[in-house]
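A.B. asks: One structure is given below, represented as structure tokens, and several questions about it will come after.
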Amino acid sequence: MKRFQLETKTLVAFMHDIRVRCPQCEQRADIVMNETLRLSCLACGLVRTYTGIGFRMGGGAFDPFFRLPLYLQTNCCGHVLWAYNRDHLAYMREYVEADIRTSDGENSSIESRLPKWMKQKHNREDVLRAIKRLEIICEKG
Ligand SMILES: [Zn+2]
């Protein structure tokens, strides 16, 4: 429970700008939070304003508002590694590249903010490769 709350809190910090797959044309669309929360797609011109209440986390690589598939997602270590945006990717890279504290780290708050499999030493190379793949997608726009 505690872990989940921490992860949610961290995700909220990256929620202001989420890249998703456009429901109309499958290209990249952005959900941006200003005065309203709006989905817009540069490729096909789709614009949608979120009229729901609150948001729903969890359930995989979907945005917490429209529940659209995230644009930045890739398979990794039998899981799906996903990110909301470039800052979120940078955050993950920073964490994974840092020395991974193996035994005693479990109590620290930073340690708890990524899923366990991403923090396991033997997954490190694969996780970094997956982050790289998503960074390349980011570069392309
Ligand atoms: Zn579109």
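A.B. asks: Can you work out which of the residues in segment 8-27 that are touching a strand residue (DSSP E or B) at 6+ places or on another chain (Cβ under 6 Å) and closer than 15 Å to ALA61 by Cβ is most open to solvent (accessible area, probe 1.4 Å)?
C.D. replies: Among them, the one singled out is ARG21.
A.B. asks: Mind checking which pairs have a first residue in segment 31-50 that is farther than 13 Å from MET15 by Cβ and a second that is among the small types (Gly, Ala, Ser) and within 13 Å of the ligand (Cβ to nearest atom), Cβ under 6 Å, 6 or more apart or different chains?
C.D. replies: Cβ pairs passing all conditions: LEU39/ALA29; CYS41/ALA29; VAL47/SER40.
A.B. asks: Consider segment 35-83. How many of its residues are aliphatic (A, V, I, L, M) and within 16 Å of the ligand (Cβ to nearest atom)?
C.D. replies: Number of matching residues: 7.
A.B. asks: Of all helices (runs of 4 or more DSSP H) completely enclosed by segment 41-141, which ones contain at least 1 residues that are β-branched (Val, Ile, Thr), modelled with pLDDT of 95 or more and under 20 Å from ARG19 (Cβ atoms)? Don't jump to the end; show me each part of the working.
C.D. replies: Details: elements: 86-97, 116-119, 124-139.
So the answer is 124-139.
A.B. asks: State yes or no: is ARG19 near the ligand (Cβ under 10 Å from one of its atoms) and in contact with a Phe, Trp or Tyr (Cβ under 6 Å, 6 or more places away or on another chain)? Break it down into steps so the answer makes sense when it comes.
C.D. replies: Working: near the ligand (Cβ under 10 Å from one of its atoms): no; in contact with a Phe, Trp or Tyr (Cβ under 6 Å, 6 or more places away or on another chain): yes.
Considered against the rule, which asks whether it is near the ligand (Cβ under 10 Å from one of its atoms) and in contact with a Phe, Trp or Tyr (Cβ under 6 Å, 6 or more places away or on another chain), ARG19 comes out as no.
A.B. asks: Restricting to segment 22-34, and then to whatever is of a type in the set (A, V, I, L, M) and within 15 Å of the ligand (Cβ to nearest atom), can you tell me which residue is farthest from PHE65 (Cα to Cα)?
C.D. replies: Here the answer is ALA29.
Yes/no per residue for (1) loosely packed, with under 13 Cβ neighbours inside 10 Å; (2) closer than 21 Å to GLU139 by Cβ; (3) out of contact with any helix residue (DSSP H, G or I) (no Cβ under 8 Å at 6 or more places or on another chain):
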residue: ALA29; (1), (2), (3): no, yes, yes
residue: LEU39; (1), (2), (3): no, no, yes
residue: ARG48; (1), (2), (3): no, no, yes
residue: ILE53; (1), (2), (3): yes, no, yes
residue: ARG56; (1), (2), (3): yes, no, yes
residue: GLY59; (1), (2), (3): yes, no, yes
residue: TYR71; (1), (2), (3): no, yes, no
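The values are calculated or read from the model by the stated rules, or taken from the named source; none is laboratory data. Keep in mind it's a predicted model, so treat the numbers as computed, not measured. All Cβ positions, glycine included, derive from the backbone under ideal geometry; neighbour counts span all protein chains shown. Please note that ligands, DNA and RNA were not included when accessible areas were found on the heavy atoms of the full protein model with its side chains. Shrake-Rupley method; radii C 1.70, N 1.55, O 1.52, S 1.80 Å.
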